[in-house]
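The block underneath contains the structure these notes are about, expressed in structure tokens.
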Amino acid sequence: MTDPAHWRDLGPGIYLHIPFCRRRCGYCDFASTTGDAAARNAFVADLLAEIRLVAAGGDFADETFRTIFLGGGTPSLLEGDQMNRILGALRDSFAVTPDAEVTMEANPESLEPERLDAFLRGGGNRVSLGIQSLDDAALRLLDRAHDAALARHRAGELKERRVSFSVDLIYGLPGLDTTAWGTALDGAIELGADHLSAYLLTLEPGTPMHVAVATGELTLPGEEEARAQYELLVDRTSAAGLSCYEISNFARPGLESRHNQNYWVRGEYLGLGPSAHSHHGGWRWANEPDPGAWSRAVQAGGGASWGMPREAGGSYREMSEAADCPILFRERVSGREAAAEWIFLGLRRTEGVPWDLLATAAGDGAAALERRTGFLAEQGLLERQDGWLRLARAGRFVSDAIFADLMAAMEDPVPVDGTRR
Ligand code: SF4
């Protein structure tokens with residue numbers, strides 16, 4: 001069973017992690033740091049070195065990349081000439097299609113017109129604007145460095161330039177009832193973006209907002225209220241012509257993120273920069289997350305993906321075969337792991353996953369998986385149609401529980417009536 005043909009032009013992609021933010025938001029646990037101009041200059045020099053080292057290693061010599069994604073952190077904190085040196089180095093070092101989707105994550109406070117225009121001159125053609133909310137009280141609560149007026153202004157500048165852009169939103173915020181969420185959502189839709197992503201606030205232990213919730217200083221909406229906010233999101237985006245193509249992502253037809261879809265269909269990609277992940281040749285690996293350790297590894301001659309030096313020009317494959325290689329994170333994905341990925345990545349997409357692809361990967365867990373998907377379909381949470389398995393709309397808000405259930409079913413078959421042993 002091979003991947004459907006229409007998935008093949010989504011990737012491969014290149015992800016670059018830019019680990020700088022103007023200030024840390026109270027809910028965020030991403031790998032980012034505040035850094036001054038000197039730190040950003042040094043980082044760009046290291047990133048250019050990593051690009052050249054990976055290209056020299058030859059592992060990606062046969063690939064033609066279709067997407068580039070500058071993520072973070074806040075890539076729009078880079079100066080225009082820094083963005084262009086990075087994009088230029090990628091095109092000089094790797095084969096990239098002329099019509100590649102080139103996206104930059106940007107925040108309103110740093111997406112000044114000069115930076116945006118430099119990004120566009122360098123071949124950028126898509127911006128993901130992190131507005132998060134159009135409610136100033138919510139933005140203050142989130143410690144964001146912009147207000148709603150600036151978010152609207154930046155969206156207007158993107159529209160003036162006819163740049164395809166996405167806006168990011170957060171729902172399930174403390175103190176945000178469903179009516180207030182509807183108002184913020186309508187305002188975001190009126191910005192005229194081609195694409196909208198909206199995520200339920202989830203708080204990782206250790207973040208300031210997690211502490212505030214744990215101590216009772218802030219209260220999150222209950223599950224029913226959060227679900228109501230998600231359902232409102234699906235209804236209002238759909239009415240505005242933005243189709244739900246993934247649980248949390250909505251787009252006008254043909255303007256879905258190719259780069260992100262490639263992740264969800266388990267396509268191949270190269271990640272560069274601290275904490276970036278890669279998937280290629282049946283392997284997944286991750287770069288050293290600490291920017292300092294990543295930088296030292298690059299300066300020592302490469303091997304940032306394993307947090308250790310390697311000879312310049314050596315390939316990842318050769319490196320991985322070294323018996324004493326202290327790999328930070330590397331795994332070959334096959335069999336049950338692949339089936340698990342089809343579940344927690346592939347089923348995120350509204351289109352779903354071809355059943356044969358999932359069943360083949362599940363191997364001797366396929367029969368149990370089939371029984372369990374049948375049970376969840378009877379509950380109205382999954383759909384099996386024309387050889388595809390997908391989430392039903394009622395399953396989207398509880399997708400994490402469904403994915404965990406299906407993965408458990410592969411490993412530990414349950415009776416067909418759904419009761420666990
Ligand atoms: S700007 Fe984004 S990456 Fe940076 S701290 Fe805030 S949420 Fe995290």
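Could you check the stretch 72-100 and list, in sequence order, the residues that are surrounded by fewer than 20 Cβ atoms within 10 Å (Cβ to Cβ) and either closer than 18 Å to residue 129 by Cβ or within 16 Å of the ligand (Cβ to nearest atom) (or both)?
80
State whether one or more residues within the stretch 126-147 are touching a residue at least 24 places away in the same chain (Cβ under 8 Å), of a type in the set (S, T, N, Q) and away from the ligand (no atom under 16 Å from the Cβ).
The answer is no; no qualifying residue exists.
Name the residue that is modelled with the lowest pLDDT, counting only residues in the stretch 1-60 that are within 16 Å of the ligand (Cβ to nearest atom), hydrophobic (A, V, I, L, M, F, W, C) and farther than 28 Å from residue 261 by Cβ.
Once the filter is applied, the top-ranked residue is 39.
Name the residues in the stretch 239-253 that are farther than 24 Å from residue 402 by Cα and touching a strand residue (DSSP E or B) at 6+ places or on another chain (Cβ under 9 Å), would you? Full working, then the answer.
Taking the stretch 239-253 as the starting set, the residues that turn out to be farther than 24 Å from residue 402 by Cα are 239-242, 251-253.
Listed by number, the residues that qualify are 240, 242, 251, 252, 253.
Working carefully through the options 190, 217, 160, find the one that is away from the ligand (no atom under 16 Å from the Cβ), closer than 17 Å to residue 250 by Cβ and loosely packed, with under 13 Cβ neighbours inside 10 Å.
190
The values are calculated or read from the model by the stated rules, or taken from the named source; none is laboratory data. Computed from a prediction, not measured in an experiment: that's the story for all the values here. Methodologically, a virtual Cβ is constructed for each residue, glycine included, from the backbone with ideal geometry; neighbour enumeration extends over all protein chains shown.
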